[in-house]
Amino acid sequence: MKIVPIGIWGGYPKANSATSSFLLEHEGFHCLIDCGSGVLSSLQNYLPLEKLDAVVISHYHADHIADIGSLQYSRLINYYLGKPLKPLPIYGHQEDPENFGKLSYKEQTIGIPISKEETIQIGPFDVSFCETKHPVYCLAMKFQTTDHSIVLTADTEWQEELVEFARDADILISEANLYEEHVGKAPGHMGGSEAGNLAHLANVKQLILTHLPLHGNIEEILQAAKVHYDGSAELAEVGKEYVL
Ligand SMILES: [Zn+2]
């Protein structure tokens, strides 16, 4: 199992970069996790778009879905060029029916429902979900193979249930959108200290921080995480391959 950060920013991307997104690969199956602003551009550095097998969307904020439309156009253009691809499954929750409906487009992409109640099979992965605390309905995700597990918090403020959900994961990819002075004051997001505490309490083997703020010195967020977690912790680095 291999996971590659495609973008690391929360809200909107820095120049020539992308909002928080990850490409997960196992046994030749490629799954994109979230598809916000800049993701379609960045992704092409690591995978031809036609090799994408699935997309999973955590929630319908723009920094997680902004490039879905362009992804759908890329499939439609292939179709017009006489190189049709099979419909791409895009997994998302149905708590927001209008946005869920937009995941299906002209038989190029098909929206498939996910929920916190159900573990589903996506390619070689068993995937389960946990509701987070965010201004809109949002799902954290756990991708498991027989040997390994990767948990992504998606967007959330401190959510106690994530401790059990992330228990003993090989990699925890946690959002860490806040500097410490804003922790507890900005709804829907965590600071580095909370991400570190989650990694510690869940006993994960590795912590990767993402959904980072564009202002300030993001190294401070990593340092705040390391106060609480003494395992391997780093800021997500675009293009780096994390292999299990
Ligand atoms: Zn969000």
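Summed over the stretch 125-143, the residues that are in contact with a Ser or Thr (Cβ under 8 Å, 6 or more places away or on another chain) and buried (at least 18 other Cβ atoms within 10 Å of the Cβ) give a count of 12.
Looking only at residues in the stretch 147-161 that are part of a loop (DSSP other than H, G, I, E, B) and more than 16 Å from the ligand (Cβ to nearest atom), which one is nearest to the chain's Cα centre (by Cα)? This residue is His148.
Selection over the stretch 3-27 of residues that are part of a loop (DSSP other than H, G, I, E, B), of a type outside the set (Asp, Glu) and more than 16 Å from the ligand (Cβ to nearest atom) gives a count of 4. Taking first residues from the stretch 50-66 that are on the phi > 0 side of the Ramachandran plot and partners that are away from the ligand (no atom under 15 Å from the Cβ) and modelled with pLDDT under 95, no Cβ contact under 7 Å between residues at least 6 apart in sequence or on separate chains turns up. Evaluate the following for Ala166: is it under 15 Å from the mean Cα position of the chain (by Cα), closer than 22 Å to Ala62 by Cα, buried (at least 20 other Cβ atoms within 10 Å of the Cβ) and not hydroxyl-bearing (Ser, Thr, Tyr)? In short, no. When each of Asn197, Asn177 is tested for being at pLDDT 95 or above, crowded, with 17+ Cβ neighbours inside 10 Å and within 16 Å of the ligand (Cβ to nearest atom), the lone residue that passes is Asn177. In the set (1) part of a loop (DSSP other than H, G, I, E, B); (2) acidic (Asp, Glu); (3) closer than 24 Å to Glu131 by Cα, Glu164 fails one condition alone, (1). Within the stretch 200-223, being within 20 Å of Trp9 (Cα to Cα) and surrounded by 22 or more Cβ atoms within 10 Å (Cβ to Cβ) holds for Leu207, Ile208, Leu209, Thr210, His211, Leu212, Ile221. Against the list (1) buried (at least 20 other Cβ atoms within 10 Å of the Cβ); (2) among the aromatic types (Phe, Trp, Tyr); (3) not in a strand (DSSP E or B), the condition Tyr91 fails is (3). Could you list, in sequence order, the residues of the stretch 131-146 that are within 14 Å of the ligand (Cβ to nearest atom), in a loop (DSSP other than H, G, I, E, B) and closer than 25 Å to Glu27 by Cα? Within the stretch 131-146, no residue meets the criteria.
Note on the stretch 28-52: among residues that are within 23 Å of Asn177 (Cβ to Cβ) and part of a strand (DSSP E or B), the one that is farthest from the ligand (Cβ to nearest atom) is Leu32. For the stretch 53-75, taking the residues that are farther than 19 Å from Ile173 by Cβ and more than 16 Å from the ligand (Cβ to nearest atom), the one that is surrounded by the most Cβ atoms within 10 Å (Cβ to Cβ) is identified as Leu71. Can you confirm whether the stretch 128-140 contains a residue that is more than 21 Å from His61 (Cβ to Cβ) and not acidic (Asp, Glu)? Yes; the residues of the stretch 128-140 include at least one that is more than 21 Å from His61 (Cβ to Cβ) and not acidic (Asp, Glu).
Go through the stretch 177-209 and give me each residue that's in a loop (DSSP other than H, G, I, E, B) and either under 19 Å from Phe129 (Cα atoms) or without any contact (Cβ under 8 Å) to a residue 40 or more places away in the chain (or both).
Hits for the stretch 177-209 are Val183, Gly184, Lys185, Ala186, Gly188, His189, Met190, Asn203, Val204, Lys205.
The values are calculated or read from the model by the stated rules, or taken from the named source; none is laboratory data. Just so it is clear, the model here is predicted, and its values are computed rather than measured. Cβ sites come from the backbone with ideal geometry, for glycine too, and all protein chains shown count toward neighbours.
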